[in-house]
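Student: Mind looking over this structure? Questions follow.
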Amino acid sequence: MRIGPPVSPRPTWPPLKNTSELIDLSQTILSRLHVCLKHFMAENENIPKPTTVVYACSGCSDAGEIADRVARRLTREGAAEMSCLAGIGGRVKSLVLKAQKAERILVVDGCPLNCAAHTLRLAGFQTFEHLELHKIGIRKGSCPVTEERISAGVEAARDILAPAPEAPCDPNPHAEFALVEAGV
């Protein structure tokens with residue numbers, strides 16, 4: 001037995017008399033949704049693109065896990081934004097667009113097979129920075145994941161991402177020509 005006020009059947013809103021009204025209402029809702037989506041997309045075109053996107057092989061070995069952890073730490077620290085390498089391989093449109101809009105791409109591979117770099121190349125990306133963890137002493141199958149190894153990978157990534165030092169400014173850029181003219 002129910003206690004409380006009587007429950008009335010849920011009214012439909014707006015009350016529809018036939019199927020054609022339902023179709024008209026659906027078309028109205030869809031057209032308004034389309035307008036809202038166009039407005040949303042136009043507003044978001046001005047969102048700044050990520051400066052650096054990082055992809056890690058995230059393979060099944062210890063080296064792959066270190067590569068993954070390096071990318072995640074770079075993201076947490078704000079040095080880069082990790083994105084999904086599987087989405088690049090699967091040609092997921094939004095993830096491929098994210099890579100295309102990136103100013104820089106950093107690829108972190110755990111072992112000499114360089115699966116992450118190959119995945120990006122197969123998707124049409126030829127220009128990216130590449131951190132190969134085996135070149136800093138991390139060996140697949142023989143390097144348990146430690147804070148020390150993750151930190152070494154993060155430092156190597158920061159070195160790659162660091163801006164190149166500017167050449168010292170010569171106060172007299174034409175000094176060489178002045179010496180030639182003076183017969184020296």
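The values are calculated or read from the model by the stated rules, or taken from the named source; none is laboratory data. From a predicted model like this one, the values you see are computed outputs, not experimental measurements. Please note: Cβ atoms are built from the backbone with ideal geometry, for glycine as well, and neighbour counts cover all protein chains shown.
Student: Of the numbered conditions (1) assigned to a helix (DSSP H, G or I); (2) over 14 Å from the mean Cα position of the chain (by Cα), His130 fails exactly one; give the number of that condition.
Tutor: Answer for His130: the failing condition is (1).
Student: What single numbered condition from (1) loosely packed, with under 10 Cβ neighbours inside 10 Å; (2) at pLDDT 95 or above; (3) not in a helix (DSSP H, G or I) fails to hold for Cys169?
Tutor: Just one mismatch for Cys169, condition (2).
Student: Please tell me if Ser83 is of a type outside the set (A, V, I, L, M), on the phi < 0 side of the Ramachandran plot and touching a Phe, Trp or Tyr at 6+ places or on another chain (Cβ under 7 Å).
Tutor: yes
Per-residue answers, yes or no, for (1) crowded, with 21+ Cβ neighbours inside 10 Å; (2) under 21 Å from Ala164 (Cβ atoms); (3) modelled with pLDDT of 95 or more:
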site: Ala71; (1), (2), (3): yes, no, yes
site: Leu113; (1), (2), (3): no, no, yes
site: His118; (1), (2), (3): no, no, yes
site: Lys135; (1), (2), (3): no, yes, yes
site: Glu147; (1), (2), (3): no, no, yes
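Student: Follow-up. Pick from Ser83, Ser58, Ser142: which is at pLDDT below 95 and either surrounded by fewer than 16 Cβ atoms within 10 Å (Cβ to Cβ) or touching a strand residue (DSSP E or B) at 6+ places or on another chain (Cβ under 7 Å) (or both)?
Tutor: Ser142
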